[in-house]
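Let me begin by presenting the structure, written as structure tokens, before commenting on it.
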Amino acid sequence: MGRRREPRKEIQAPVRIFGTDSSGQVFSEKAVTVNISQQGAELSGVQAKLNLDEIIGLSYGKNRVHFRVKWVGEPGTPKAGHVGLLNTSPEKPLWDFPLPSPAPDDHQPQVAEQRKQPRFKCHNSVEVHTQDGASFWATISDLSVGGCYVEMSIPLPPGTKLKVGIWIGETKCWADCQVAYSTAGLGTGVMFNRISEPDLERIRQFLGTLAAFAKKPTY
């Protein structure tokens, strides 16, 4: 979500999806498109529990095409019941209305509009500790003085409390954090709740070296 590769047409079209759900049961149900592109679609009203990368069928009118599940909306969030699909055979006709030609899309996720500090692209190692004692290594793809985006295939629920140690050169900067949002299969955005002034200053100095790669306002 929020990292589209091509423009999408906002349209509500009735469809039917069918296949095998996460429990191995065959399903067939109605859904509605939220937006559609040349290669993908977002659906709402999906009841079946789907696995990432699962292949499902989608029918519109008399046409049928197979799609791969790329993301699934988290329960309890505005995207609950939504799924993102990638067309496995985009050359096959499916829709009876025109779609935007393939091109870069400037879509920004809604959460980004709520952020206050500029973020910067980076590729730093991070040590993540959860409250239940689990810990793992990951990589952050962007950083600000207010938070970071941790790349991980299994997202953490919004509100999850974490302690992260971000490597900057030979120094590890520690912060108590909270998960702001997660994108299935991609990663998790976290906000810094508490960080020492020396570590915050190290982050500021590091970001100063990345100013040329700044994105739009974030955390």
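Modelled with pLDDT of 90 or more, among the polar types (S, T, N, Q) and outside the structural domain of Leu156 (by TED's automatic domain parsing), is that true of Ser59? Yes; evaluated as a whole, the condition is true for this residue. Among the residues of the range 92-106, are any under 16 Å from the mean Cα position of the chain (by Cα), modelled with pLDDT under 90 and more than 19 Å from Thr188 (Cβ to Cβ)? For the range 92-106, residues under 16 Å from the mean Cα position of the chain (by Cα), modelled with pLDDT under 90 and more than 19 Å from Thr188 (Cβ to Cβ): present. The one condition from (1) assigned to a loop (DSSP other than H, G, I, E, B); (2) in contact (Cβ under 8 Å) with a residue 24 or more places away in the chain; (3) of a type outside the set (S, T, N, Q) that Pro118 does not meet is (1). List the residue pairs whose Cβ atoms are under 9 Å apart, where the first residue sits in the range 38-67 and is at negative phi, the second is part of a loop (DSSP other than H, G, I, E, B) and among the β-branched types (Val, Ile, Thr), and the two are 6 or more positions apart or on different chains. From the range 38-67, the pairs are Ile55/Thr88; Val65/Thr88; His66/Thr88; Phe67/Thr88. Residues that are outside any loop (DSSP other than H, G, I, E, B) and of a type in the set (S, T, N, Q) within the range 52-88 comprise Ser59, Asn63, Asn87, listed in sequence order. Among the residues of the range 123-182, those that are aliphatic (A, V, I, L, M) and either exposed (fewer than 13 other Cβ atoms within 10 Å of the Cβ) or more than 18 Å from Glu201 (Cα to Cα) (or both) comprise Val128, Ala134, Ala138, Ile140, Val150, Met152, Ile154, Leu156, Leu162, Val179, Ala180. Exactly one residue out of Val32, Val15, Val26 is out of contact with any Lys or Arg (no Cβ under 6 Å at 6 or more places or on another chain) and either modelled with pLDDT under 90 or closer than 27 Å to Met152 by Cβ (or both), and it is Val26. Cβ-Cβ contacts under 7 Å between residues 6 or more apart (or on different chains), taken from a first residue in the range 150-168 that is free of Cβ contacts under 8 Å to residues at least 60 places away in the same chain to a second residue that is polar (S, T, N, Q) and in a loop (DSSP other than H, G, I, E, B), are listed as Lys161/Gln131. Regarding the range 69-79, can at least one residue be identified that is more than 26 Å from Pro155 (Cβ to Cβ), crowded, with 19+ Cβ neighbours inside 10 Å and not basic (Lys, Arg)? Within the range 69-79, none of the residues are more than 26 Å from Pro155 (Cβ to Cβ), crowded, with 19+ Cβ neighbours inside 10 Å and not basic (Lys, Arg).
The values are calculated or read from the model by the stated rules, or taken from the named source; none is laboratory data. On a predicted model such as this, the values are computed, not experimentally measured, just so you know. Backbone-built Cβ (ideal geometry, glycine too); neighbour counts: all protein chains shown.
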